[in-house]
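> Can you keep this structure in mind? I'll have questions shortly.
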Amino acid sequence: MEILLIVLTCVVGLVFAIAVAMFYLGCLGATLAAFNNGRIVWGSLSFFLPPLALLYGIRNKQQVGWSYGFMVKGGAVVAILALLAWGGMHLLPAPANGGGQLMERLLPQPAPQ
């Protein structure tokens, strides 16, 4: 069971990393499309704040092309994984006495002497 948890964590981390890379690759494509179409301000702003490239992509889907799909799909996977992680935090066991740190709750109790 411990190995399964480690493998599952690695797979989820790999999916998250690929989704983030896909989102930022789409943002880079939208930034380059903005520069290519003479939108220097949009290109500069979306280079320094990549989520602004998504706004440019929503307004100009034809100019952005393939990168719009990368931004939407990568961003959706990142959002879903973030929501699942946030929801999973609520499934952790609550301490019996109302105190204790997270690692104290997750680590196994020592064997009685």
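The values are calculated or read from the model by the stated rules, or taken from the named source; none is laboratory data. Note that the structure is predicted; figures quoted are calculated from it, not measured. A quick note on method: Cβ atoms are made from the backbone with ideal geometry, for glycine too, and the neighbour counts reach across all protein chains shown. Ligands, DNA and RNA are excluded from the accessible area calculation, which covers all protein heavy atoms including side chains. Shrake-Rupley method; radii C 1.70, N 1.55, O 1.52, S 1.80 Å.
> Using alpha carbons only, what's the Rg to Rh ratio of the stretch 1-91 with Rh from Kirkwood?
Over the Cα atoms of the stretch 1-91, Rg/Rh equals 1.14.
> Quantify, in whole percent, the carbon and sulfur part of the accessible surface of the stretch 1-102 (1.4 Å probe; protein heavy atoms only).
75
> Let me ask another. Could you derive backbone 3J(HN,Hα) for the stretch 45-50 from the dihedral phi with the Karplus parameters 6.51, -1.76 and 1.60 (θ = phi - 60°), listing whole Hz in sequence and x where the residue is Gly or Pro?
Residue by residue, the stretch 45-50 yields 5, 6, 6, 8, 10, x Hz.
> Between Met89 and Ile58, with labels modelled 7 Å along Cα→Cβ, what's the label distance in nm to one decimal, could you check?
2.5
> Follow-up. Which of these, Val20, Val72, Val12, has the largest mean-square fluctuation under a Gaussian network model of the chain (Cα springs below 10 Å)?
In this elastic network of the chain, the residue with the biggest mean-square fluctuation among Val20, Val72, Val12 is Val12.
> Whole number in Å², please: accessible area per residue of the chain, 1.4 Å probe, ligands, DNA and RNA not counted.
On a per-residue basis, the chain sits at 75 Å².
> Right, next: Contour minus end-to-end for Ile40 and Ala21, with contour as 0.36 nm per residue of separation and end-to-end as the Cα-Cα distance?
Separation in residues times 0.36 nm, less the Cα-Cα distance, equals 4.4 nm.
> In a Gaussian network model over the chain where Cα atoms closer than 10 Å are linked, find which of Gly26, Gly69, Gly13 has the largest mean-square fluctuation.
Residue with maximal mean-square fluctuation among Gly26, Gly69, Gly13: Gly13.
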